[in-house]
There are 2 protein chains.
Amino acid sequence: MSYHYLLDLAIILISTKLFGLMTKRFNMPQVVGALLAGLILGPAAFNVLQETEFIKQIAELGVIALMFTAGLETDIEEMKKSGKAAFIIALSGVLFPLAGGFLVAMIFNKGDLTSTVTPVHLQNIFIGVILTATSVSITVETLKEMGKLSTRAGNAILGAAIIDDILGIVALTIITSMADSSVDIVLVLMKIVLFFIFSGIVGFGFYKFYKNWTEEERNKRRFVIVAFVFCLLLAFCAEEFFGVADITGAFIAGLIISNTDKKEYITQRFEIMSYILLSPVFFASIGLTVNVPQMTPTIILFSLILLVMAILTKIVGCGLGAKICGYTGRESLQIGTGMISRGEVALIVASKGAALGLLSTVQFGPIVIMVVITTIITPVLLKVVFKEEGVEAAEGKVALNK
Amino acid sequence: MSYHYLLDLAIILISTKLFGLMTKRFNMPQVVGALLAGLILGPAAFNVLQETEFIKQIAELGVIALMFTAGLETDIEEMKKSGKAAFIIALSGVLFPLAGGFLVAMIFNKGDLTSTVTPVHLQNIFIGVILTATSVSITVETLKEMGKLSTRAGNAILGAAIIDDILGIVALTIITSMADSSVDIVLVLMKIVLFFIFSGIVGFGFYKFYKNWTEEERNKRRFVIVAFVFCLLLAFCAEEFFGVADITGAFIAGLIISNTDKKEYITQRFEIMSYILLSPVFFASIGLTVNVPQMTPTIILFSLILLVMAILTKIVGCGLGAKICGYTGRESLQIGTGMISRGEVALIVASKGAALGLLSTVQFGPIVIMVVITTIITPVLLKVVFKEEGVEAAEGKVALNK
């Protein structure tokens with residue numbers, strides 16, 4: 001029996017807390033600290049911690065719990081109102097990075113792949129596809145920490161991120177179907193549509209059952225367990241039968257239960273489980289997956305341009321989409337900023353592409369750098385764009401506190 | 001990325017709850033239901049669920065959390081008072097099963113082992129060693145459910161179980177050192193003593209630090225995390241440096257923190273995490289490890305006699321020890337009953353022995369049967385021996401409630 005996971009867990013808990021305190025002292029969200037903790041303890045720096053199967057699965061459960069509570073805390077009326085807007089924001093936030101990534105890749109990629117089977121333009125489009133990814137979990141945690149998750153911009157971000165996930169799957173499917181003839185695009189699209197029909201029907205049925213049952217049932221613990229089981233099942237079905245991300249299923253499950261009056265109770269319970277165990281492991285694990293890439297001047301330049309492109313295309317793409325849909329300039333900037341983080345989603349997409357010969361090991365380094373920096377910078381930028389008063393007013397506040 | 005763990009988890013949560021409700025309706029503790037759920041869904045019956053690495057590690061974390069909260073809820077003054085008694089109870093509760101198991105094995109074991117290197121008398125003693133094991137977690141959960149953990153008998157059980165663990169390690173070490181020349185008994189004993197000295201010193205230091213720190217710190221979440229980190233580290237050190245069970249370390253960590261005024265707050269938080277996730281997985285996983293053994297008339301007879309011996313030797317052994325130490329007859333019976341459960345501890349010991357050629361596959365079946373039945377019967381018997389009034393008085397109560 002191995003018990004090294006005990007030490008790993010202890011190290012993760014204490015280091016994410018300590019780094020979180022440090023970043024908080026620098027007026028940055030604590031989640032940045034947790035990300036840094038993983039990065040510094042992991043293979044990228046001190047190599048004290050490696051990503052074990054245990055850490056990976058607790059982390060997966062962590063992101064599911066996170067998206068479930070995000071669903072629970074979503075204002076569904078607000079979400080409905082912002083539905084069309086979210087779609088436009090997501091679409092524009094996919095097209096801009098896709099084009100931008102393709103452009104940067106075209107300049108740098110001379111087709112030096114080991115696999116010459118894949119045409120160079122497909123490789124270049126794939127860089128664009130990686131850039132379309134959005135990892136909403138970092139943004140959710142940051143907005144929660146700042147108490148801004150239920151704002152108009154927060155709701156738009158959540159909605160757009162869910163749609164972005166789906167558009168991302170579509171984009172990934174299209175490009176892999178071009179490289180791999182066994183994937184059928186039409187079937188994939190149909191399954192995605194079916195998933196939403198399925199969720200609607202099952203969700204409505206569960207909602208009716210849950211509402212009646214919780215009125216009769218007295219043991220509150222059971223509310224939580226049944227809700228969690230529903231979340232797990234919807235997450236599982238999403239992946240297993242429809243090819244949709246499990247976190248999308250978890251989010252929708254939360255959304256459905258958010259219509260009942262048990263939402264606060266359940267949210268509280270999940271938050272306790274998250275902060276004691278699941279969240280620190282999840283955020284640290286993102287940093288743990290990062291390895292130090294090989295570096296040459298060309299690669300460094302490529303990395304920098306790719307990074308700038310990644311940040312700007314999301315801010316401009318999503319921001320523009322938001323502006324068109326009638327959000328204020330400030331809100332549009334907030335929405336665009338909330339979508340910058342690429343996180344684990346982009347890493348997953350990248351490794352799928354690498355397996356299909358769409359991405360060379362040379363290009364993997366810049367992708368990793370882009371992912372790490374967009375992920376760490378998002379909470380920092382969010383803090384800036386959500387600041388309620390101007391800098392001077394804020395400074396006055398600090399002065400008053402002294 | 002695999003997501004089948006989502007379905008596994010959903011099945012475990014819902015089935016342990018449903019079976020728990022059923023056993024509750026039959027006036028049995030819910031933990032029996034959770035054990036049955038694992039047994040019925042696992043390889044022993046329907047084989048819907050297998051023990052994955054994920055389930056195993058969540059289960060391990062579950063038993064650590066369980067023992068940590070048991071430590072937190074222990075009345076340390078009561079424990080100190082019952083210290084000497086706990087030692088006598090544990091010692092007598094080890095000697096009786098050891099002798100009883102040896103006796104039964106002597107009658108049935110004709111030395112039909114494939115490995116003829118190990119002498120038959122060692123094999124027979126080993127059956128006795130397996131019978132000395134006590135799995136206190138089932139008892140802890142049952143007593144918690146009944147609100148009897150902080151009784152005199154409850155404290156004696158906890159103390160004796162911890163000492164039983166240690167005596168069990170000693171017994172296992174002695175017999176394996178007889179079969180395997182690379183194990184040094186004196187060294188093992190010294191390490192166990194050192195562990196308690198180490199825990200005492202580190203525990204006192206941590207207690208001082210924690211008390212001062214929690215007075216200044218305002219963020220209550222940090223109380224919980226720091227306490228959990230301490231628990232994990234002590235559990236890890238126990239295994240890694242001293243060869244003591246990790247759950248003993250976790251229990252002692254809980255015991256140390258139980259002296260502070262934060263114990264209720266921390267206990268509550270851990271109980272939430274336990275009931276949502278960790279405990280159902282742990283109790284179901286015990287059932288999942290069970291396979292249906294091969295059966296012949298002789299093996300069935302051996303199994304039955306071994307089972308009766310396993311139950312009687314703990315009740316008589318521990319009960320006698322308790323009676324000598326001045327507990328009432330009723331309390332002695334309660335203490336003896338609380339120690340019957342063999343659980344995962346006996347399975348671990350058995351598989352270690354099998355690896356060393358001390359146990360044949362033929363004998364493994366009866367051991368499994370003994371473990372399963374002692375584990376399931378313990379909560380049922382505890383319910384009986386802890387019943388406050390006589391049957392008639394209880395019936396009167398039921399009548400009043402109607």
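The values are calculated or read from the model by the stated rules, or taken from the named source; none is laboratory data. From a predicted model like this one, the values you see are computed outputs, not experimental measurements. Virtual Cβ from ideal backbone geometry, glycine too; neighbours counted across all protein chains shown. These area figures cover heavy atoms from the full protein model, side chains too; ligands, DNA and RNA do not enter into them. Shrake-Rupley method; radii C 1.70, N 1.55, O 1.52, S 1.80 Å.
If I filter the stretch A:243-256 down to residues being closer than 20 Å to residue B:11 by Cβ and more than 8 Å from chain B (Cβ to nearest Cβ), which single residue comes out as surrounded by the most Cβ atoms within 10 Å (Cβ to Cβ)? Talk me through it step by step, then tell me what you get.
Filtering the stretch A:243-256 down to residues closer than 20 Å to residue B:11 by Cβ leaves A:246, A:249-250, A:253.
Now restrict to residues that are more than 8 Å from chain B (Cβ to nearest Cβ): A:249-250, A:253.
Working: A:249: 31, A:250: 29, A:253: 29.
Among those that are closer than 20 Å to residue B:11 by Cβ and more than 8 Å from chain B (Cβ to nearest Cβ), it is A:249.
Which one of these does residue B:288 not meet: (1) within 14 Å of another protein chain (Cβ to nearest Cβ); (2) touching an Asp or Glu at 6+ places or on another chain (Cβ under 7 Å)?
Condition (1) is where residue B:288 drops out.
Could you tell me which numbered condition residue B:68 fails, if it satisfies all but one of (1) buried (at least 22 other Cβ atoms within 10 Å of the Cβ); (2) over 15 Å from residue B:280 (Cα atoms); (3) without any contact (Cβ under 8 Å) to a residue 24 or more places away in the chain; (4) not aliphatic (A, V, I, L, M)?
The number of the failed condition is (3).
For the stretch B:36-45, what are the residues that are closer than 18 Å to residue B:20 by Cα and crowded, with 18+ Cβ neighbours inside 10 Å?
Selection gives B:36, B:37, B:38, B:39, B:41, B:42.
Scan the stretch B:281-298 residue by residue and report those that are assigned to a helix (DSSP H, G or I) and open to solvent by less than 20 Å² (accessible area, probe 1.4 Å).
The first filter runs over the stretch B:281-298 and keeps only residues assigned to a helix (DSSP H, G or I), leaving B:281-288, B:297-298.
The answer is B:281, B:282, B:283, B:284, B:285, B:286, B:287, B:288.
I need a count of the residues in the stretch B:257-279 that are touching a residue at least 12 places away in the same chain (Cβ under 8 Å), part of a helix (DSSP H, G or I) and open to solvent by 30 Å² or more (accessible area, probe 1.4 Å).
So the count comes out to 4.
With the structure loaded, tell me whether residue A:225 is out of contact with any strand residue (DSSP E or B) (no Cβ under 7 Å at 6 or more places or on another chain), at pLDDT 90 or above and farther than 30 Å from residue A:175 by Cα or whether it fails that test. Break it down stepwise before answering.
Details: out of contact with any strand residue (DSSP E or B) (no Cβ under 7 Å at 6 or more places or on another chain): yes; at pLDDT 90 or above: yes; farther than 30 Å from residue A:175 by Cα: yes.
When the stated conditions are applied, residue A:225 passes them.
Being within 14 Å of chain B (Cβ to nearest Cβ), more than 30 Å from residue B:350 (Cβ to Cβ) and touching a residue at least 24 places away in the same chain (Cβ under 8 Å), is that true of even one residue in the stretch A:81-95?
No, the stretch A:81-95 contains no residue that is within 14 Å of chain B (Cβ to nearest Cβ), more than 30 Å from residue B:350 (Cβ to Cβ) and touching a residue at least 24 places away in the same chain (Cβ under 8 Å).
Just checking, which of A:60, A:78 is open to solvent by 10 Å² or more (accessible area, probe 1.4 Å), away from every other protein chain (no Cβ under 14 Å) and either assigned to a helix (DSSP H, G or I) or under 30 Å from residue A:259 (Cα atoms) (or both)?
Values: A:60 fails: away from every other protein chain (no Cβ under 14 Å).
Exactly one of A:60, A:78 is open to solvent by 10 Å² or more (accessible area, probe 1.4 Å), away from every other protein chain (no Cβ under 14 Å) and either assigned to a helix (DSSP H, G or I) or under 30 Å from residue A:259 (Cα atoms) (or both), namely A:78.
Hey, residue B:223 hits all of (1) open to solvent by 90 Å² or more (accessible area, probe 1.4 Å); (2) within 14 Å of chain A (Cβ to nearest Cβ) but one; which does it fall short on?
Here residue B:223 meets the rest and fails (1).
Please go through the stretch B:6-16 and give me each residue that is within 7 Å of another protein chain (Cβ to nearest Cβ), open to solvent by less than 50 Å² (accessible area, probe 1.4 Å) and within 26 Å of the chain's Cα centre (by Cα), ordered by number. It would help to see each step written out before you state the result.
At the first step, the residues of the stretch B:6-16 found to be within 7 Å of another protein chain (Cβ to nearest Cβ) are B:6-7, B:9-10, B:13-14.
Still in the running and open to solvent by less than 50 Å² (accessible area, probe 1.4 Å): B:6-7, B:9-10, B:13.
Within the stretch B:6-16, B:9, B:10, B:13 qualify.
Hand me the list of helices (runs of 4 or more DSSP H) wholly inside the stretch B:313-398 holding 2 or more residues that are touching a strand residue (DSSP E or B) at 6+ places or on another chain (Cβ under 7 Å), open to solvent by 30 Å² or more (accessible area, probe 1.4 Å) and at pLDDT below 90. Full working, then the answer.
Details: elements: B:329-338, B:343-355, B:361-385.
Counting at least 2 such residues, we get no helices (runs of 4 or more DSSP H) at all.
Please go through the stretch B:46-55 and pick out each residue that is open to solvent by 60 Å² or more (accessible area, probe 1.4 Å), outside any helix (DSSP H, G or I) and on the phi < 0 side of the Ramachandran plot.
Filtering the stretch B:46-55 down to residues open to solvent by 60 Å² or more (accessible area, probe 1.4 Å) leaves B:46-48, B:50-51, B:53.
Filter once more, so that each one left must be outside any helix (DSSP H, G or I): B:46-48, B:50-51.
Hits for the stretch B:46-55 are B:46, B:48, B:50, B:51.
Determine, yes or no, whether residue B:244 is within 22 Å of residue B:197 (Cβ to Cβ), part of a loop (DSSP other than H, G, I, E, B), in contact (Cβ under 8 Å) with a residue 40 or more places away in the chain and not aromatic (Phe, Trp, Tyr).
Numbers: within 22 Å of residue B:197 (Cβ to Cβ): yes; part of a loop (DSSP other than H, G, I, E, B): yes; in contact (Cβ under 8 Å) with a residue 40 or more places away in the chain: yes; not aromatic (Phe, Trp, Tyr): yes.
Spelling it out, residue B:244 is indeed within 22 Å of residue B:197 (Cβ to Cβ), part of a loop (DSSP other than H, G, I, E, B), in contact (Cβ under 8 Å) with a residue 40 or more places away in the chain and not aromatic (Phe, Trp, Tyr).
For residue B:23, all conditions in the list (1) in contact (Cβ under 8 Å) with a residue 24 or more places away in the chain; (2) closer than 25 Å to residue B:387 by Cα hold save one; what is the number of the exception?
(1)
Answer yes or no: is there a residue in the stretch A:34-47 that is free of Cβ contacts under 8 Å to residues at least 24 places away in the same chain and within 14 Å of chain B (Cβ to nearest Cβ).
no
Among the small types (Gly, Ala, Ser) and farther than 30 Å from residue A:130 by Cα: does that describe residue A:253?
On the way: among the small types (Gly, Ala, Ser): yes; farther than 30 Å from residue A:130 by Cα: no.
When the stated conditions are applied, residue A:253 does not pass them.
Is it fair to say residue A:199 is at pLDDT below 90, out of contact with any Asp or Glu (no Cβ under 9 Å at 6 or more places or on another chain), of a type in the set (Gly, Ala, Ser) and farther than 30 Å from residue B:145 by Cβ? Step through it out loud before you land on a result.
On the way: at pLDDT below 90: no; out of contact with any Asp or Glu (no Cβ under 9 Å at 6 or more places or on another chain): yes; of a type in the set (Gly, Ala, Ser): yes; farther than 30 Å from residue B:145 by Cβ: yes.
For residue A:199, the condition - at pLDDT below 90, out of contact with any Asp or Glu (no Cβ under 9 Å at 6 or more places or on another chain), of a type in the set (Gly, Ala, Ser) and farther than 30 Å from residue B:145 by Cβ - is not met.
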